[in-house]
Amino acid sequence: MKIMYDIIIIGSGPAGLFAAYNLVKNNIRSILIIDRNPYPSGGMLNDCKLNLTHEIGMDLEDLFLTVEDAKKQIKIIDDVFLEFGALKEIYGENQELYRDWTERAQRNEVKLVPALQRHIGTDMSKDVIKKFREYLEERGVSFKLSTNIEDIEKNDRGFTLLNKENGNFKCKYLVIAPGRSGSKWLRDVSKKIGIKYSNGKRIDVGIRIELRRESYPITDVLYDPKFKINTKYGNELRTFCTNPGGRITLEQYDDFKLVNGDALKNKKTENTNFAILNTVNLTEPLTDPFIYGRLIASSTNILGGGLPIVQRMGDFLDEKRSKADTFFEKSRWYDRVQPTLVIGSTVTPGDIRMSYPYKIVKSLKEGMIKLNKIFGNTILKEENLIYAPEIKFYSLLYETDRFMETSVKNLFVAGDGAGKSRGIVGAGISGIIASKGILSK
Ligand SMILES: Cc1cc2nc3c(=O)[nH]c(=O)nc-3n(C[C@H](O)[C@H](O)[C@H](O)COP(=O)(O)OP(=O)(O)OC[C@H]3O[C@@H](n4cnc5c(N)ncnc54)[C@H](O)[C@@H]3O)c2cc1C
């Protein structure tokens, strides 16, 4: 394998793949994509629902885009997924049903963000990504997988990427798109080679609710409804990552586990899950969201004996902890929602009020009460399940020009790890923008 390329892209998530896509469309061939995983995809294997609106998963200011530009870019991303086998079925098109839900939300002082959505699914996305990879390889893009880039050096001719086992790689232009899992590494590299960034002060702390599919009927119209709720104490809440017929999943971090969720396209459970997130804006003296998030995540895991916590809604409302021996109690209808995680070995019955700050619990409860009104009392059913910790860390904010070029010449960043997006579509757009920066040179 060559070691010198015109362009190297670190990260084969949507940001990296779409950067390569736009480069080959413009007849650039000397491209290497490196990923530490044995297959390309990044986070696209997680459910892979496409939010086809600029109001979700991206900030136009960070991407230097107008609404019109964003719409064009979103269409390009969606068309590529369709070209590689995503199904045509789309959610959010039925305006009449949509209006009905919007009105119900408004009556309860909740905003329903309008969005078209396409669901690919964890199972189907493998094929889509395989075709994406073949398309790029047929046009000359090389992949170097199972290769963790440990360090980066810069010199007058470009960049050298270091990997102990597989040797070094060199390039003139570098795109770093390492996703959230690589954001700490990117920060370390940035300190060393002088990429400028600033700390964010925001973090989303919330819970994931699991309930029977029929208790959340809006998903027939909108796959992943985004409700925005302002509480009377001034907290901002939003629903996030809904998985109709889906399952709860765990994400392993260095020293704790977080809950998340996904769904398969072809095999459904009887449940739906979605997150309710509370945005916390930190002020002096603690402004580091990583420290705050870790604190909550670790204490929740410690209380769960090294695992996340699950609580029946009935226990939560009664202000009691959930226990293994009463977790399926028939007299309280607790047998009516079967958790999609195994109680005891993957998640522990407990009490989220023990590890979550009072202010956050109070605002989450207010959010649930508002949603409960919209859905005619199905959200607060005793048998529903609440999982924690569900936390979204925002990445550092990297200073770039409008083409994602950092303070280091010829070094571009893209995607979630660089704070340029918070979802597949936004990450893909930021990758395309970075590729345009390279093309402009
Ligand atoms: C459970 C779950 C469900 C989700 N569901 C959705 C959804 O339905 N819709 C949606 O829009 N978003 C969803 N997301 C978020 C989505 O996955 C991300 O927003 C998106 O993947 C970000 O793309 P990215 O290219 O920036 O980074 P990623 O997709 O994370 O890709 C980064 C890649 O870089 C590689 N990497 C990092 N550091 C290095 C290094 N040093 N050397 C080599 N390789 C490195 C990683 O291995 C990874 O493959 C979900 C996330 C999770 C965790």
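The values are calculated or read from the model by the stated rules, or taken from the named source; none is laboratory data. All values reported here derive from a predicted model rather than from experimental measurement. With ideal geometry, Cβ positions are generated from the backbone for all residues, glycine too; neighbour counts draw on all protein chains shown. Remember, those area values only see protein heavy atoms, side chains included, never the ligands or the DNA or RNA. Shrake-Rupley method; radii C 1.70, N 1.55, O 1.52, S 1.80 Å.
Quick notes on this structure:
- Flag for Asp127 being touching a residue at least 40 places away in the same chain (Cβ under 8 Å), of a type in the set (Asp, Glu), open to solvent by less than 70 Å² (accessible area, probe 1.4 Å) and in a helix (DSSP H, G or I): no
- Tally, over the stretch 139-151, of residues that are more than 9 Å from the ligand (Cβ to nearest atom), of a type in the set (A, V, I, L, M) and in contact with a Leu (Cβ under 6 Å, 6 or more places away or on another chain): 0
- When Gly200 is tested against the conditions (1) at pLDDT 95 or above; (2) part of a loop (DSSP other than H, G, I, E, B); (3) more than 23 Å from Phe18 (Cα to Cα), the lone failure is (1).
- Qualifying residue in the stretch 274-289 (condition: farther than 15 Å from Lys392 by Cβ and charged (D, E, K, R)): yes
- Any hit, the stretch 210-219, residues being in the same structural domain as Asn260 (by TED's automatic domain parsing), assigned to a strand (DSSP E or B) and within 12 Å of the ligand (Cβ to nearest atom): no
Condition check ((1) in a strand (DSSP E or B); (2) aromatic (Phe, Trp, Tyr); (3) open to solvent by less than 70 Å² (accessible area, probe 1.4 Å); (4) assigned by TED's automatic domain parsing to the domain that holds Lys409) across all residues:
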site	(1), (2), (3), (4)
Thr147	no, no, yes, yes
Lys154	yes, no, no, yes
Leu161	yes, no, yes, yes
Lys164	no, no, no, yes
Gly167	no, no, yes, yes
Lys172	yes, no, no, yes
Val175	yes, no, yes, yes
Pro178	no, no, yes, yes
Ser181	no, no, no, yes
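- In the stretch 39-55, residue surrounded by the fewest Cβ atoms within 10 Å (Cβ to Cβ) [restricted to those that are of a type in the set (A, V, I, L, M) and either under 17 Å from Gly179 (Cβ atoms) or in contact with a strand residue (DSSP E or B) (Cβ under 6 Å, 6 or more places away or on another chain) (or both)]: Leu45
- Here Asp6 meets the list (1) surrounded by fewer than 22 Cβ atoms within 10 Å (Cβ to Cβ); (2) within 27 Å of Tyr223 (Cβ to Cβ) almost entirely, failing just condition (2).
Results for (1) within 14 Å of the ligand (Cβ to nearest atom); (2) modelled with pLDDT of 95 or more; (3) touching a helix residue (DSSP H, G or I) at 6+ places or on another chain (Cβ under 7 Å), shown as yes or no for each residue.
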site: Lys370; (1), (2), (3): no, yes, no
site: Lys373; (1), (2), (3): no, yes, no
site: Pro389; (1), (2), (3): yes, yes, yes
site: Ser407; (1), (2), (3): no, yes, no
site: Val425; (1), (2), (3): yes, yes, yes
site: Gly428; (1), (2), (3): yes, yes, yes
site: Ile432; (1), (2), (3): yes, yes, yes
site: Ser435; (1), (2), (3): yes, yes, yes
site: Lys441; (1), (2), (3): no, no, no
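- Enumeration of residues in the stretch 184-203 that are of a type in the set (Ser, Thr, Tyr) and either surrounded by 21 or more Cβ atoms within 10 Å (Cβ to Cβ) or without any contact (Cβ under 8 Å) to a residue 40 or more places away in the chain (or both): Ser190
- Qualifying residue in the stretch 249-262 (condition: of a type in the set (Ser, Thr, Tyr), part of a strand (DSSP E or B), modelled with pLDDT of 95 or more and open to solvent by 10 Å² or more (accessible area, probe 1.4 Å)): yes
- Being within 17 Å of Gly194 (Cβ to Cβ) and either within 13 Å of the ligand (Cβ to nearest atom) or open to solvent by 10 Å² or more (accessible area, probe 1.4 Å) (or both) holds for only one residue in Leu397, Leu411, and it is Leu397.
- Of the residues contained in the stretch 30-38, none is found to be crowded, with 20+ Cβ neighbours inside 10 Å, within 15 Å of the ligand (Cβ to nearest atom) and within 13 Å of the chain's Cα centre (by Cα).
- When Lys392, Lys370, Lys359 are checked against the criterion of being under 20 Å from Asp204 (Cβ atoms) and surrounded by fewer than 18 Cβ atoms within 10 Å (Cβ to Cβ), a single residue qualifies: Lys359.
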